[in-house]
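Asks: Have a look at the structure that comes next, please.
Coordinate-derived values only; no laboratory data. These numbers were taken from a predicted model, which means no experiment stands behind them. FYI the Cβ positions are ideal-geometry reconstructions off the backbone, even for glycines, and counts take in every protein chain you see.
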Amino acid sequence: MARHIAVLGAGAIGGTIGAYLTREGSDVTLIDQWAAHVEKIRSTGLKLTDLEKEFTVKPRALHLSDVSSLREQFDIVFLSVKSYDTPWSAMFIEPFLKPDGFVLPAQNALNDEAVARIVGAERTVGCVVTISAGVYEPGHVIRTDPPSAHAVSVGELSGLVTPRAREVVDMLKAIGPSEVTTNIRGTRWAKMVTNCMANALSGIMG
């Protein structure tokens, strides 16, 4: 059965996830608060440029205000907003999540528990994204790491390996090598420590 997927926050990481999944034939809806970005995707599609190629896809794109008119619910939601937007974004999308659906916080920082408190731990699956990407103009995502590099780790907060975690990993292999982990918290902390070292130095050095 085809999964109805939403990406809430269609910037660098969310846009990359949405572009590759759409290209593979997944049913993807992008939701974003940047009006010009949404309108550009609607008019000419979402363009993704990586180190090997460039392609354009045409997923459904919604402004935040459009979501209130939805009658269907989502099976899977990739939450790709900035960390400080996590609480309201999780509350915003929860009514549009199926009872057996789940949210993957595809973000930096430590947001899994924050999402779980809002949508429920049983509807939260950890997701650590290690790709590099940016958005510098509406409708155009640029990926800067090799497509052959490790892309995503997915894991249940319980540490169990479940069919839904395997399903998501199989889906995300469209982006690059991905894996199920039994230690999603350790994977999340490892990325955060790396970010704290590298991002701070990059900011200082320009």
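Asks: Under 10 Å, Cα contacts only: if you run a Gaussian network model on the chain, which one of Ile118, Ile31, Ile175 comes out with the highest mean-square fluctuation?
Replies: Ile118
Asks: How far is it, in nm, from the label point at Ala36 to the one at Asn183 when both lie 7 Å from their Cα along the line to the Cβ?
Replies: 4.4
Asks: Could you state the number of Å between the C-alpha centres of the stretch 139-163 and the stretch 79-94?
Replies: If you average the Cα positions of each part, the centres end up 19 Å apart.
Asks: Given a Förster radius of 35 Å and the C-beta distance between Glu137 and Ser158 as r, what FRET efficiency does 1/(1 + (r/R0)^6) yield to the nearest 0.05? Display every interim value, and only then the final one.
Replies: Numbers: r = 41 Å, r/R0 = 1.17.
After rounding, the FRET efficiency stands at 0.30.
Asks: About the Cα centre of the stretch 68-134, what is the dipole size in debye to 20, counting +1 per Lys and Arg Cβ and -1 per Asp and Glu Cβ, all else neutral? Walk me through the intermediate numbers first.
Replies: Working: 5 positive and 8 negative charges, 26 e Å.
Computed about the Cα centre, the dipole is about 120 debye.
Asks: Within the chain, how many Lys pairs that are eight or more residues apart, or on different chains, come under 19 Å at the alpha-carbon?
Replies: On the way: Lys40/Lys58; Lys47/Lys58; Lys53/Lys173; Lys82/Lys191.
Count of close lysine pairs: 4.
Asks: Glu54 versus Arg23, label points 7 Å from Cα toward the beta carbon: distance in nm?
Replies: Spacing of the two 7 Å Cα→Cβ label points: 1.3 nm.
Asks: Moving to a separate point now. Given charges of +1 on the Cβ of Lys and Arg and -1 on the Cβ of Asp and Glu, with all other atoms neutral, how large is the dipole of the chain about its Cα centre, in debye to the nearest 20? Walk me through the numbers before you get to the answer.
Replies: Numbers: 20 positive and 22 negative charges, 19 e Å.
Its charge dipole is roughly 100 debye.
Asks: Here is a further query. Be a star and scan the stretch 1-32 for residues whose amide nitrogen sits under 16 Å from the point 7 Å along the Cα-to-Cβ vector of Gln73.
Replies: 3-6
Asks: What are the membrane-span-like helices in the chain by this rule: whole DSSP H runs, Cα extent along the axis at least 30 Å, mean Kyte-Doolittle hydropathy at least -0.5?
Replies: Details: long enough: 184-205 (31 Å, 0.31).
Helices meeting the span and hydropathy rule in the chain are 184-205.
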